[in-house]
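Below you'll find the structure, written out as structure tokens, and then a few comments.
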């Protein structure tokens, strides 16, 4: 058989094999693209607060108030995080106090497992505040706050919120209310988490009557809540 005779069957086999090869290549699965990391987080926190010390009218451990707090935060580029917070406190004697503030922080990832987040914020509290301003013992005031949080990732799902520190004071009134808290957060996945924490707060007011004429223990709280990211 001449070389030209061999060429015809070889060419025919090549043409027949080409569509099958293309089909095999097209049927190969493309690598799955990772879903974008969520940047928004909605949170809900519930907590009773108890008096931390005997203060003349109440004993340590007596009920002070129950609150719920809702938040919406956003993680920006370069590890900046900002959020807005609203708290509604139901006090004894049918009293109510509201808080609303906005905060901005920056996450420093100091290691694969530890993150340090300093922040600043400003807000407003109103209704039955207990803030003394002139002759008003329930003044509505604007306030500022400085925060510092340290979080340690224990496992891929469990984070120890080692410390959450807050210094808060009124812009034009004495309302020094620092607080320290610690807790745990369990992330079911990238979108859903449950958390719990305990906190201790102090208070100093513009008064000559003890104990709050100096910085004194104010409230103990035990909180729980959830976060939903999107």
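Out of the residues in the stretch 211-227 meeting the condition of being touching a residue at least 60 places away in the same chain (Cβ under 8 Å) and assigned to a loop (DSSP other than H, G, I, E, B), tell me which one is surrounded by the most Cβ atoms within 10 Å (Cβ to Cβ). Don't jump to the end; show me each part of the working.
From the stretch 211-227, those touching a residue at least 60 places away in the same chain (Cβ under 8 Å) are 211-212, 216-227; that's our starting set.
Checking which are assigned to a loop (DSSP other than H, G, I, E, B) leaves us with 211-212.
On the way: 211: 17, 212: 21.
The extreme case among them is 212.
Determine if the stretch 121-129 includes at least one residue that is within 15 Å of the chain's Cα centre (by Cα), farther than 23 Å from residue 88 by Cβ and at pLDDT 95 or above.
Applying the first criterion (within 15 Å of the chain's Cα centre (by Cα)) to the stretch 121-129 yields 121.
Applying the additional criterion that residues be farther than 23 Å from residue 88 by Cβ yields none.
Taking every residue of the stretch 121-129 in turn, none turns out to be within 15 Å of the chain's Cα centre (by Cα), farther than 23 Å from residue 88 by Cβ and at pLDDT 95 or above.
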Test: residue in the stretch 43-60 that is at pLDDT below 55 and exposed (fewer than 12 other Cβ atoms within 10 Å of the Cβ): no
Residue in the stretch 178-208 that is surrounded by the fewest Cβ atoms within 10 Å (Cβ to Cβ), counting only those that are in contact (Cβ under 8 Å) with a residue 40 or more places away in the chain and part of a loop (DSSP other than H, G, I, E, B): 190
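Yes or no, residue by residue, for (1) closer than 30 Å to residue 130 by Cα; (2) within 16 Å of the chain's Cα centre (by Cα); (3) loosely packed, with under 12 Cβ neighbours inside 10 Å; (4) modelled with pLDDT of 95 or more:
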residue: 25; (1), (2), (3), (4): no, no, yes, no
residue: 68; (1), (2), (3), (4): yes, yes, no, yes
residue: 88; (1), (2), (3), (4): yes, no, no, yes
residue: 97; (1), (2), (3), (4): yes, no, no, yes
residue: 100; (1), (2), (3), (4): yes, yes, no, yes
residue: 103; (1), (2), (3), (4): yes, yes, no, yes
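The values are calculated or read from the model by the stated rules, or taken from the named source; none is laboratory data. Source: prediction; values computed, not measured. When we count neighbours, we look across all protein chains shown, and the Cβ atoms used for this are built from the backbone with ideal geometry, even at glycine.
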